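Below is one structure; the comments refer to it alone.
The values are calculated or read from the model by the stated rules, or taken from the named source; none is laboratory data. Please read these numbers as outputs of a predicted model, since none were measured by experiment. Backbone-built Cβ (ideal geometry, glycine too); neighbour counts: all protein chains shown.
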């Protein structure tokens, strides 16, 4: 999608305005804000597919090769160290946006990107230090002693080192996204997985779970070094060595990034505490079985949500260049997201047991219950995620970010209470209840005022889309097939039905696959 240099930006403080009716015609125009986003999403999805598949297969392998207790240690370490992703501080989206502007010649945006680089470097060092400290709590949390306690600490420390590298170089990846160099991302990620797998094969036989953790930062170092080389060759102003930022630039970056940081914090609290709560209450075995059901839909979201995230620049473009179409664009996007969420996560709900058998080699009652509850939760989260992308594009996301953070804290308290009352599955019940109330009653009402539309219209599109998506999942689940081949056939059939549904129900669907421009 190319930006018209003659277009004058619209001041966000003046509101969206414009006639909603005028936006209804955008689906058939060449200037459709969603023009070509499916192609962008495909490349972005390809770029994250390799490490995502590796993460899923690694969990399955650890579960089978080392047992449920070892996986419980891995899951607890991942969840605890995962809180360090909060050190991103909302800079990822800010960096991608600024990099896109810098590529167009905005000198101030170049300074914003370099400021983000410096901040990321400091935050990466902090991640390694804090992660090492957090890792020391894992043995006590899981009641481990002796060599098992030492191994648990080492697993957490190596994962913290890996995350520190991720944070320190996250600005580089944001620059690739902002300049739409998704193929470069794909090459780097393939190299990362290849090196990590090689080191896993070398280290796992002698070191066990610790070897699997040590392989992570080694693969990451090779990949990020390659990214630095590619950026130095492609972008004249890129410098891997961080510089000292100006105070004025820090303020401008913080104004955008801090509310996003609050939302990221809420996401980590919401998805990262349940395993810890269950582990503390019921031990590592229950934590492992719970994590098997909770993490599978979460890993699927790691693929899906970055693909949906390519709509953010399209939304921002529409807000500044075509404010009259924003409301109608919101309804199209919500319907599309509802369809996708209902079909993907609804399908996981209806096929929970065979999915768990294929993935982890077991389908215990706890794992199945948790997968069903979390699958329904992600059905509600998917359109809400796209709605929040639109609100971020308007620049009016501060209040909603604070609410989302508060919601996550409420979820933690309710999870602790329900686990004490009904057992480990109570944490998943809490997530579903809190998300449902938020996604239906509160967040759409707040978003409607920022998108110049009505609460009921947002709900109609998101719920209606999700309902059709679940019907697709139900139809696919009735196919008389079984095994891995059956799951693959159902997935392909569901994808075909989803494409047809999008073509029929989402206005301007052809524009999604058109070449940018």
For the stretch 87-98, state whether one or more residues are more than 19 Å from residue 259 (Cβ to Cβ) and either crowded, with 24+ Cβ neighbours inside 10 Å or at pLDDT below 75 (or both).
no
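Scanning for something within 14 Å of residue 154 (Cβ to Cβ) and either more than 26 Å from the chain's Cα centre (by Cα) or not assigned by TED's automatic domain parsing to the domain that holds residue 149 (or both), does the stretch 217-238 turn up at least one residue? It would help to see each step written out before you state the result.
Within the stretch 217-238, the subset within 14 Å of residue 154 (Cβ to Cβ) is 217.
Of the ones still in play, those that are also either more than 26 Å from the chain's Cα centre (by Cα) or not assigned by TED's automatic domain parsing to the domain that holds residue 149 (or both) are none.
Among the residues of the stretch 217-238, not one is within 14 Å of residue 154 (Cβ to Cβ) and either more than 26 Å from the chain's Cα centre (by Cα) or not assigned by TED's automatic domain parsing to the domain that holds residue 149 (or both), which makes the answer no.
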Qualifying residue in the stretch 425-440 (condition: modelled with pLDDT under 85, in the same structural domain as residue 498 (by TED's automatic domain parsing) and out of contact with any strand residue (DSSP E or B) (no Cβ under 7 Å at 6 or more places or on another chain))
yes
Hey, which of the helices (runs of 4 or more DSSP H) in the stretch 123-189, taking only ones fully inside, have at least 2 residues that are at pLDDT 90 or above and within 28 Å of residue 273 (Cβ to Cβ)?
146-168
Of residues in the stretch 435-455 being surrounded by fewer than 20 Cβ atoms within 10 Å (Cβ to Cβ) and under 20 Å from residue 370 (Cα atoms), the one farthest from the chain's Cα centre (by Cα):
437
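Return yes when residue 402 is assigned to a helix (DSSP H, G or I), surrounded by fewer than 19 Cβ atoms within 10 Å (Cβ to Cβ) and in the same structural domain as residue 434 (by TED's automatic domain parsing) and no when it is not. First the steps, then the outcome.
On the way: assigned to a helix (DSSP H, G or I): yes; surrounded by fewer than 19 Cβ atoms within 10 Å (Cβ to Cβ): yes; in the same structural domain as residue 434 (by TED's automatic domain parsing): yes.
For residue 402, the condition - assigned to a helix (DSSP H, G or I), surrounded by fewer than 19 Cβ atoms within 10 Å (Cβ to Cβ) and in the same structural domain as residue 434 (by TED's automatic domain parsing) - is met.
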Filtered residues of the stretch 309-334 (kept if modelled with pLDDT of 85 or more and surrounded by fewer than 24 Cβ atoms within 10 Å (Cβ to Cβ)):
331
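Which of the following residues is in the same structural domain as residue 484 (by TED's automatic domain parsing), within 30 Å of residue 62 (Cα to Cα) and either surrounded by fewer than 21 Cβ atoms within 10 Å (Cβ to Cβ) or at pLDDT below 85 (or both): 421, 416, 392, 381? Spell out how you get there, then give the answer.
Details: 421 fails: within 30 Å of residue 62 (Cα to Cα); 392 fails: within 30 Å of residue 62 (Cα to Cα); 381 fails: either surrounded by fewer than 21 Cβ atoms within 10 Å (Cβ to Cβ) or at pLDDT below 85 (or both).
Testing whether each residue is in the same structural domain as residue 484 (by TED's automatic domain parsing), within 30 Å of residue 62 (Cα to Cα) and either surrounded by fewer than 21 Cβ atoms within 10 Å (Cβ to Cβ) or at pLDDT below 85 (or both) leaves just 416.
Hey, among 346, 338, which residue is more than 15 Å from residue 474 (Cβ to Cβ), modelled with pLDDT of 90 or more and crowded, with 23+ Cβ neighbours inside 10 Å? Show your work before the answer.
Numbers: 346 fails: more than 15 Å from residue 474 (Cβ to Cβ).
Unique residue meeting the criteria: 338.
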Residue in the stretch 471-488 that is surrounded by 15 or more Cβ atoms within 10 Å (Cβ to Cβ), assigned by TED's automatic domain parsing to the domain that holds residue 404 and closer than 20 Å to residue 390 by Cα present
no
